1. Using only the alpha carbons, work out the radius of gyration and Dmax of the range 209-275 in angstrom.
2. With the Cα gyration tensor of the range 105-206 in hand, convert its eigenvalues to equivalent ellipsoid semi-axes via √(5λ) and list them largest first in whole Å.
3. How would the range 103-143 be classified by its alpha-carbon gyration tensor: rounded, prolate or oblate, with rounded meaning a/c under 1.5 and the a/b versus b/c comparison settling the rest?
4. If each Cα of the range 253-306 is one equal point scatterer, what is log10 of I(q)/I(0) from the Debye formula at q = 0.12, 0.15, 0.31 Å⁻¹?
5. In the structure displayed, which of 53/229; 164/229; 124/164; 164/253; 53/253 lie more than 31 Å apart, Cα to Cα?
6. Please list, in chain and number order, the residues 5+ apart from residue 137 or on another chain whose amide H is under 5 Å from its amide H, with Hs placed from the backbone.
7. I need the peptides 158-170, 215-227 ranked by packing, meaning the mean over residues of other C-beta atoms within 10 angstrom, with the highest value on top.
8. For the range 159-265, what is Rg from Cα atoms divided by 2.2 N^0.38 Å, rounded to two decimals?
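Any read-out appearing in this document is the output of simple, stated calculations on the displayed coordinates, not a laboratory observation. From a predicted model like this one, the values you see are computed outputs, not experimental measurements. All Cβ positions, even for glycine, are placed from backbone atoms using ideal geometry, and neighbour counts span all protein chains on display.
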Amino acid sequence: MKNNVQKVLLIMIFLIPLVLTFGSYGLYNWSVSLDGDMGYRFFYVPLKSLNDKAASLGLTGLVEGGREGFSHWQELTFHPPEGLEEETELVVAPLPEPEGPLFEGETLDILVIGDSLANSVGKKLEPMMNDYSDMTCRVEGVISSNLIRLDYYDWLNEAPRLTKENAPDCVLIFLGANTMQSFYLDGTNAPLFSDRWVEIYKERAGILLDSLNELEVDVFWMDLPPMQKEGYNNNISHLNGLIDAVCLQKEVKRFNYNSLLTDSSGVYTSEQVVDGRQILVRSDGIHFTLAGASYVSEYLIDILREWYELPDPVLQVEAIGEEEVLNSQEIPL
């Protein structure tokens, strides 16, 4: 009996630090969403310290790798139902015509900033876009970040810093999915979507866009996509309206791709028929699978190439080929 107790204690001594170290990643992300002073002091502060320690040891990277591996496994094991529906034609609101010079230099340089949705799309958008000789892409996404908890990640300072550092022609913003929480400022609480909350959020969104506009880059604030849970989706829709108002005031373009992620009635769907086969676009109701990220990335690349009047890459290759043929011909004396 004594030996069994000792074994259990040894196992607990080994497992508890392991669970706390790896579990701190999920607990910390949960604590970021907590409202009020009590949640901040009793959960966020200690969990941030634990998560920072785990990050310094490289353990959070292992958790991220595990999430990616699980997402890939889900796609491999996803079996579409029999009797696929016909692929419906996508109807996406066109972007307005560009004004003035399209971009400088030989390549269209894209910077993607935002939260986990930026990372979720970026895991495919970045490598796919960088495969083009006339496009570059860099993704800077921070999980659980938003315009509320600037103590966690301050986009008002970091967004212009990253933009200056990368000197892009265009910035795509994925922000808002982690915004469903109250502001806690100067000892007072501003409940979600209250008048004070809306005032603060619009003010910060305006500061963010002003700082980017001053750097003379094109800015697109991506629409928040429809979500699976009804209550969350309703909040997302309301937040989209608030962001619309700020972007209209600041003359920043919105980028809507909802029809990629909904059925023919405009309702959220986890699967889509793409090129005659059914793919799993989102597995958790929010983030994109690898196949879903590729699906969205292909659309974004196509629409951006059209917007910036980049030549069709196939035609570009053909033109280069013709030029080589002409250059190789002998010119009679």
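1. Taking only Cα atoms of the range 209-275, I get Rg and Dmax of 14.4, 41 Å.
2. Gyration-tensor ellipsoid for the range 105-206: 31, 13, 10 Å.
3. In terms of gyration-tensor shape, oblate.
4. Per q value, in the given order, log10 I(q)/I(0) is -0.27, -0.42, -1.34.
5. 53/229; 164/229; 53/253
6. 110, 130
7. Per-residue Cβ counts within 10 Å, averaged per peptide and sorted highest first, yield 215-227, 158-170.
8. My calculation over the Cα atoms of the range 159-265 gives 1.16.
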